[in-house]
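What follows draws every value from the coordinates through simple rules; no lab data is involved. All of these numbers come straight from a predicted model, not from anything done at the bench. In this analysis, Cβ positions are derived from the backbone assuming ideal geometry, glycine residues included, and neighbour counts consider all displayed protein chains.
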């Protein structure tokens, strides 16, 4: 390998390491997501983590005792939905910088993005990689 190819290869390795570290940090940030939503009158408080996983449910006041069962159920479900939406928004914000340009993270998390559009049918290979692998067009 020539000096130029060695430098290009070293640059590729350095770039890979930077991307790897950024992904590690994103993964850590996703693990730390914790979003809390509280229903009106503080009847119920729900905390959700990444993926909408419910981490905690609390009844911070005695307001739930004065609620009809269907009213309490609606308050609990509303708080769960809000906490999950907050967690999804935070996850989208964490992942957005690592997505290809033009990909809306919130739409991706909502299942509104065709995942096949994120990858080219054929990977782009630099001339250096083509030379090393002896690939010709």
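If you go through the range 93-126 and keep only what is surrounded by 10 or more Cβ atoms within 10 Å (Cβ to Cβ) and within 20 Å of residue 7 (Cβ to Cβ), you end up with 125, 126.
Given (1) loosely packed, with under 13 Cβ neighbours inside 10 Å; (2) in a loop (DSSP other than H, G, I, E, B), identify the lone condition not met by residue 6. Tallying (1) loosely packed, with under 13 Cβ neighbours inside 10 Å; (2) in a loop (DSSP other than H, G, I, E, B), residue 6 fails exactly one: (2). Identification of helices (runs of 4 or more DSSP H) wholly contained in the range 41-133 with 1 or more residues that are under 30 Å from residue 10 (Cα atoms) and touching a residue at least 12 places away in the same chain (Cβ under 8 Å) yields 69-95, 127-133. One residue stands out in the range 23-40 among those that are assigned to a loop (DSSP other than H, G, I, E, B) and within 14 Å of the chain's Cα centre (by Cα): the one that is surrounded by the fewest Cβ atoms within 10 Å (Cβ to Cβ), namely 32. Can you name the residue in the range 50-66 that is more than 21 Å from residue 31 (Cα to Cα) and in contact with a helix residue (DSSP H, G or I) (Cβ under 7 Å, 6 or more places away or on another chain) and is also surrounded by the fewest Cβ atoms within 10 Å (Cβ to Cβ) among such residues? Filtering the range 50-66 for residues that are more than 21 Å from residue 31 (Cα to Cα) and in contact with a helix residue (DSSP H, G or I) (Cβ under 7 Å, 6 or more places away or on another chain), the one surrounded by the fewest Cβ atoms within 10 Å (Cβ to Cβ) comes out as 60. If the condition is being closer than 30 Å to residue 109 by Cβ and surrounded by 14 or more Cβ atoms within 10 Å (Cβ to Cβ), then the range 67-81 contributes 72, 74, 75, 76, 78, 79, 80, 81.
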